[in-house]
Amino acid sequence: MSSHARLAALRDAMAQQGLDGFVIPLTDEHMSEYVGGYAQRLQWLTGFEGSAGSAVVLADKAAIFTDGRYTLQVRDQVDASLFAYEDIPATSPASWLEANAAAGQKIGHDPWLHTRAWARDTAARLAARGATLITVTHNPVDTVWTSRPAPSLAPLEVHDLAHAGQSAADKRAAIAASLRAEPADTLVVTALDSLAWLLNIRGKDVARTPVALAFALVHADASVDLFVAPEKLTPEVRAHLGDAVRCHPRTNFAAHLASLAGRRVVADPAGAVAAIFQALETAGATIIEARDPCILAKAIKNPTEIAGSRAAHVRDGAAVTRFLHWIATQAQDGTIDELTASNHLHALRRETNQLEDLSFDTISGSGPNGAIVHYRASPATNRPLAPGSLYLVDSGGQYRDGTTDVTRTLAIGTPSAEMKDRYTRVLKGHIALGNAVFPDGTRGGQLDVLARHALWAAGLDYAHGTSHGVGSYLAVHEGPQRIATAGSDEPLRAGMILSNEPGYYKAGAYGIRIENLVLVTPTDIPGAEKPMLRFEPLTLAPLDRTLIDLALLTPAERQWVDNYHAHVRTTLTPLLPSETATWLASATAPL
């Protein structure tokens, strides 16, 4: 079925439900960023393959909404004759509806795919137009998506204590203590990575993210009601969960909320969907809106998780360095293409014999494809790594002891003066942020300018955040911490892992990004009057020295590069084949 036919079928289904419009977000019942195949409604309808976006369909027009990461990609993948392209945050689905819905129209939404705040805001905007937001019980996309896959039934897996560093019983006890302090009786856990962290379980229900489809209710006595498909529970997992975790079918979750009548229930307004709030209100529960306490606890890695992340990055760094050596010696003549390169990198990671999965689909972008921030190569878009071009490769691995994410930009042949200028400005921002020393309690938004200042000085910028949090054998994008122009209000705390990834993108020509993962760690400053923090680099892979314009670097910046390269060389050389070790010695020689 073509995109045109799918859109027409959806409009027919909307009409049958008495709807004049419908909103299709890219998420699931858990408000996940990365979703299972059964929840890929936006991709099915529009062809858009990014990880964030939404669409609104009216009877006579439709629009798709994406942020700056997908400005180019959405135009490549979505038919402009069917969907208008709208940029977030300049235009949101709610503001577009406010401008385009007519008086008397009924706009549908699935309450299992939106937050209550979104529904209230959108309803108010529509009311100002004389239109109405309607809650549907049957998603019309699902009605016409006849080949929609079922949710995964892959079995749960135990995340053992040797990697978790804290038992699930201790985690449950800590969360229960926070409930009693509120005071509250029950916590609704909807985020898949929160649930995985809390119970020390992992799954295979979402590609590249080791989580399982489930909900949980955590009670003040540290017991848990877990809602998960029974087929997913192996004897090993049941034994691991123990008697304090009562298991129910996932399909019983909504009905079970009715049993919380009279209880004080904590629900995260950013993560629990509108349907959950509706069910709790109908049941007569007292709702306490508060952030899921698992989120911060999960973000602050314990000593075992930190040691695991360091080990994973050494292992992963050796595989990436072997790949960079291969690019430098085998891919300079235009005979290697994007798919061949990404497949080779995947194979090198598999040779560690510890790779569980990639942490996301590899971004392997040559020339103009590198300017598409979240590009994914396909047979239709596959380009050779042509001489005179730049090659951007952003990739990562999922290992039992840690999650990795690294980006390197490489010159294929001889780079132009402009390429070297832009690369060096990105590098200067990467160094400035990596060298930051800041007081405990500093927010990510306070640091973002450090990564952009060298680009701003030349009238340049990039349209994505500078940093995201990273999980421990969990989601490669993890909150609450981040560094961005519109940064999080979350203070950075020792033990958090974040990315450091400034970039520059010239549409139709090339993209540049340099990304290391870093650990927030305490640092001693002589005479300091308050606790101070810094970033410790975790990622180990050489930078492309041929792209560095030495004239743009200060002596201190040159020293940073030399120190980082010495650390890479010393750590990785014992793990590398002799030819790669010899190449690495040259690639990391002092500037």
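The values are calculated or read from the model by the stated rules, or taken from the named source; none is laboratory data. As the structure is a computational prediction, the values presented were derived from the model and not from experiment. Backbone-built Cβ (ideal geometry, glycine too); neighbour counts: all protein chains shown. These accessible areas exclude ligands, DNA and RNA; they are computed on the full protein's heavy atoms, side chains included. Shrake-Rupley method; radii C 1.70, N 1.55, O 1.52, S 1.80 Å.
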Exercise. Which members of the range 475-495 meet the condition of being crowded, with 24+ Cβ neighbours inside 10 Å and either outside any strand (DSSP E or B) or of a type in the set (A, V, I, L, M) (or both)?
Worked result: Ala475, Ile483, Leu492
Exercise. Could you count how many residues in the range 176-188 are open to solvent by 10 Å² or more (accessible area, probe 1.4 Å), of a type outside the set (D, E, K, R) and either under 17 Å from Ala272 (Cα atoms) or in a helix (DSSP H, G or I) (or both)?
Worked result: 3
Seminar exercise, completed: Going through (1) farther than 23 Å from Lys530 by Cα; (2) of a type in the set (Val, Ile, Thr); (3) in contact with a Gly (Cβ under 9 Å, 6 or more places away or on another chain) one by one, Ile431 fails only at (3)
Exercise. Where residues in the range 527-578 are among the β-branched types (Val, Ile, Thr) and part of a loop (DSSP other than H, G, I, E, B), which of them is most open to solvent (accessible area, probe 1.4 Å)?
Worked result: Thr554
For this session: Being open to solvent by 10 Å² or more (accessible area, probe 1.4 Å) and in contact with a Gly (Cβ under 9 Å, 6 or more places away or on another chain) narrows it down to one of Arg291, Arg322, so name that one.
Result: Arg291
Problem set entry | Top-ranked residue of the range 496-514 - restricted to ones that are within 19 Å of His313 (Cβ to Cβ) and either free of Cβ contacts under 8 Å to residues at least 12 places away in the same chain or in a loop (DSSP other than H, G, I, E, B) (or both), ranked as most open to solvent (accessible area, probe 1.4 Å) | Glu501
Exercise. Consider Gly317 against the criteria (1) assigned to a loop (DSSP other than H, G, I, E, B); (2) farther than 30 Å from Pro183 by Cβ: it satisfies all of them except one. Which criterion is unmet?
Worked result: (1)
Exercise. Any idea which of (1) on the phi > 0 side of the Ramachandran plot; (2) open to solvent by less than 30 Å² (accessible area, probe 1.4 Å) is the one His219 doesn't satisfy?
Worked result: (1)
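Tell me, which residue of the range 189-213 that is in a loop (DSSP other than H, G, I, E, B) and either at positive phi or aromatic (Phe, Trp, Tyr) (or both) is least open to solvent (accessible area, probe 1.4 Å)? Before the answer, list the steps.
Here is the first cut: in the range 189-213, the residues in a loop (DSSP other than H, G, I, E, B) are 190-191, 200, 203-205, 207-208, 210-213.
In the following step, the residues that additionally are either at positive phi or aromatic (Phe, Trp, Tyr) (or both) were identified as 200, 208.
Details: Asn200: 4, Arg208: 62 Å².
Looking at the filtered set, the residue picked out is Asn200.
Yes or no: Pro269 open to solvent by 60 Å² or more (accessible area, probe 1.4 Å), at pLDDT 95 or above and within 25 Å of Ala475 (Cα to Cα)? Give the steps one after another, and end with the answer.
Details: open to solvent by 60 Å² or more (accessible area, probe 1.4 Å): no; at pLDDT 95 or above: yes; within 25 Å of Ala475 (Cα to Cα): yes.
No: the conditions fail for Pro269.
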For this session: Take Ala254 and decide whether it is buried (at least 22 other Cβ atoms within 10 Å of the Cβ), at pLDDT 95 or above, small (Gly, Ala, Ser) and closer than 21 Å to Phe227 by Cβ.
Result: no
Exercise. Would you call Arg148 basic (Lys, Arg), closer than 22 Å to Ala244 by Cβ and either modelled with pLDDT of 95 or more or in contact with a Ser or Thr (Cβ under 7 Å, 6 or more places away or on another chain) (or both)?
Worked result: no
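Kindly indicate which of Gly388, Gly365, Gly370 is more than 15 Å from the chain's Cα centre (by Cα) and at positive phi. Give the derivation first.
Numbers: Gly365 fails: at positive phi; Gly370 fails: at positive phi.
Going through Gly388, Gly365, Gly370 in turn, just one is more than 15 Å from the chain's Cα centre (by Cα) and at positive phi: Gly388.
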For this session: Take the residues in the range 86-128 that are open to solvent by less than 60 Å² (accessible area, probe 1.4 Å) and touching a Lys or Arg at 6+ places or on another chain (Cβ under 6 Å), then tell me which one is farthest from Gly50 (Cα to Cα).
Result: Ala101
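Specify the residue that is least open to solvent (accessible area, probe 1.4 Å); the eligible residues are those in the range 325-355 that are small (Gly, Ala, Ser) and either within 30 Å of Leu161 (Cβ to Cβ) or not in a helix (DSSP H, G or I) (or both). Let's see the steps before the verdict.
Initial filter on the range 325-355 (small (Gly, Ala, Ser)): 328, 331, 334, 341-342, 347.
Applying the additional criterion that residues be either within 30 Å of Leu161 (Cβ to Cβ) or not in a helix (DSSP H, G or I) (or both) yields 331, 334.
Values: Ala331: 0, Gly334: 26 Å².
Taking the candidates together, the pick is Ala331.
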For this session: Would you please name the residue that is surrounded by the most Cβ atoms within 10 Å (Cβ to Cβ), looking only at residues in the range 429-461 that are assigned to a helix (DSSP H, G or I) and β-branched (Val, Ile, Thr)?
Result: Ile431
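Of all the residues that make up the range 462-474, how many are open to solvent by 50 Å² or more (accessible area, probe 1.4 Å) and at positive phi? Spell out how you get there, then give the answer.
Restricting attention to the range 462-474, the residues satisfying the condition of being open to solvent by 50 Å² or more (accessible area, probe 1.4 Å) are 463.
From the residues that got through so far, the ones that are at positive phi too are none.
The qualifying residues number 0.
Can you tell me which residues in the range 395-425 are among the charged types (D, E, K, R) and open to solvent by less than 10 Å² (accessible area, probe 1.4 Å)? Break it down into steps so the answer makes sense when it comes.
Going through the range 395-425, the residues among the charged types (D, E, K, R) turn out to be 400-401, 405, 408, 418, 420-422, 425.
Across the range 395-425, the qualifying residues are Asp405, Arg408.
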